[in-house]
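This report concerns only the one structure given below.
The values are calculated or read from the model by the stated rules, or taken from the named source; none is laboratory data. Fair warning: this is a prediction, and the values are worked out from it, not measured in the lab. Note that we place each Cβ from the backbone using ideal geometry, even for glycine, and neighbour counts take in every protein chain shown. For accessibility, only protein heavy atoms count, side chains too; no ligands or nucleic acids. Shrake-Rupley method; radii C 1.70, N 1.55, O 1.52, S 1.80 Å.
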Amino acid sequence: MNILCAYNANIDSIYHIDGSELSQMVGELEVENPVFADEFNKKIISPPGSISSKPDFLAGLITCMRDGSGAEWMIKDSSVFEWIKKTFIDGSFMRMGGNMGIMSNVLSELGASRVVPNVASLSKLQLSFFSGKAVYHPFEGKLYKSSELETILPEHDTNNKPELIHFVFDFRKGDKVSLSGKDFTVPRENRFIATYDPLNFELHMDAEFRKYSEAHIADMDGAIISGYHMLQENSETGSDYKSKLDASLMQLKSWKNIRKDLHIHVEFGHFSSDDIALYAFSSLSKIVDRIGMNEDELAMLAGLNGIDPNPILEMDSVAIADAAISLCNNSGLCRMIVHTREFVVSVSCMKNDDPEIIIEAMKFGAGCAAAFACSGKLTDRNKLLEIASKIPESESGKKESERLAQHIEDKLNCSTVCGIHDSYQVTVVPTRICDEPVSTVGLGDTISAAIFLRELELNS
Ligand code: GLC
């Protein structure tokens, strides 16, 4: 399979944050700065959603740990980014980041023949994180593997183009945080991402990628697109998010004009702005074949569309399937895939598609993501599936699949749960749960990319 991937790749600097370290840090900042405690307490009650100061950053991290939820907040002030870098870079490890970057590596490692990504900041360091199997970069009219390009690329001028490093704070279930008398235990493992990324904030389109995609679109089987969630209301260069998004929509449309059956998957992401999320969802729904997202992202969109987000956040499979169908109905989108920690649900307007293909692809995706979670590495599919076979299926995912089965109007006979509900084909499979994940970041991207590739293969 030949697959184009755009737009966001970056470097993730992953830090395992520990409750006692965090409690100590907050204590020290309280002593250092008399107004810190006040500001921090206000921000915990009313989280700002982006980072312009140390209290903002700590409020974001701590509310995520308190609720067991995941979030990505944009850093608006470069001096806070420098402080985070100075404080955490030494204890962290780096790997590929960005939904698109992660998804392109998954496709390559799992056996796609050619994966061509759009890379916003093409540095030697960024290149070193791309899979060497099937990722090819267009550069000066030719295609190069990452290792080849690393040798001919001039030294990166970080003054001109920064290394795009996102700080990912992974936290563990059961960890204890103590904040001047307000103590809590982390209810679930998850991650908080603090992102300073001037290029991906702009949905940067690489000129080499654009040329390559225009010239070779007829040879492509699919495209995986993401990065819209990084757009900002007021970008540094003053250009507005609509013009950036519209430029991308034009690019996708131009591909579809030449290659009508090019299958396009969009991975949604955690938006910092309601307006941008709504605009992105409604405009993409008219062009792309499917959108993937997790339950946090679905809950946000659902809330903005007058649907109660709470049962979605509680991972109620019936609420999730109903919200996905309702969002598809309102927007004209045909297919949505919602991946949660416990199960994956697909709703599709293609009622006559073979549900067993979707189920097989979803089981494959769940297996690959679980193996990646446990080992922290991507390898070829047979090795991943062998690791996955030893990881147990989610008990809650199995129960939720059964609950959804009771709710589906017209159940079909298939290997897990499938049927027609509200005129949509609904399928659900439980995930596999790795108790001690190396990191929880990128699991949604892994599941979506693996499902996409397997479906392309099974439908070809
Ligand atoms: C977002 C973040 C990135 C992370 C990815 C994982 O794209 O910006 O840092 O790797 O999500 O899904």
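Points to keep in mind about this one:
- Taking label positions 7 Å along the Cα-Cβ direction at both ASP18 and LEU153, the computed distance is 3.4 nm, reported to one decimal.
- For segment 43-179, relative contact order (Cα pairs under 8 Å, six or more residues apart, normalised by length) works out to 17 percent.
- For segment 104-113, 3J(HN,Hα) computed residue by residue from phi via the Karplus equation (6.51, -1.76, 1.60; θ = phi - 60°) reads 5, 5, 4, 4, 5, 5, 7, x, 5, 7 Hz, glycine and proline entered as x.
- Förster-model FRET efficiency, 25 Å R0, LEU458 and LYS398, C-beta, rounded to 0.05: 0.55
- Residue by residue, segment 127-141 carries 3J(HN,Hα) couplings of 4, 5, 9, 7, 5, x, 6, 9, 8, 10, 10, x, 8, 6, x Hz when phi is fed to the Karplus relation 6.51 cos²θ - 1.76 cosθ + 1.60 (θ = phi - 60°); x denotes Gly or Pro.
- For GLY97, residues with placed amide H under 5 Å, excluding near neighbours: ASN10, ILE11, ASP12
- The phi torsions of segment 431-443, fed into the Karplus equation with coefficients 6.51, -1.76 and 1.60 and a -60° offset, translate into couplings of 8, 10, 10, 8, 5, 10, x, 5, 7, 9, 7, x, 5 Hz, rounded to whole numbers, with Gly and Pro shown as x.
- Where GluC sites (Glu not before Pro) in DSSP loops with at most 12 other Cβ within 10 Å are excluded, longest remaining stretch of the chain: 1-139
- Our compactness index for the chain, the C-alpha radius of gyration over the empirical 2.2 N^0.38 Å, is 0.94.
- Loop-located trypsin sites (Lys or Arg not before Pro) across segment 372-440 with a Cβ neighbour count of 12 or fewer within 10 Å are LYS390, with loop assigned by DSSP.
- For VAL266, the residues whose amide H sits under 5 Å from its own are ILE225, ARG290, ILE291, GLY292, ignoring neighbours fewer than 5 places away on the same chain, with H placed 1.01 Å from N.
- Calculated FRET value between SER78 and SER423, using beta carbons and R₀ = 45 Å, to 0.05: 0.35
- Per residue accessible area of the chain, 1.4 Å probe, in Å²: 40 Å²
- Rounded to 0.05, the FRET efficiency of the ASP67 and LYS142 pair, given R0 = 51 Å and the Cβ-Cβ distance, is 0.55.
- Within segment 402-437: backbone nitrogen closer than 15 Å to the SER326 label point (7 Å, Cα to C-beta): 422
- Annotation: for a label point projected 7 angstrom from Cα along Cα→Cβ of LYS86, residues of segment 12-34 with backbone N closer than 18 Å are 25-34.
- Accessible surface of segment 115-214, 1.4 Å probe, proportion on carbon and sulfur as whole %: 51 percent
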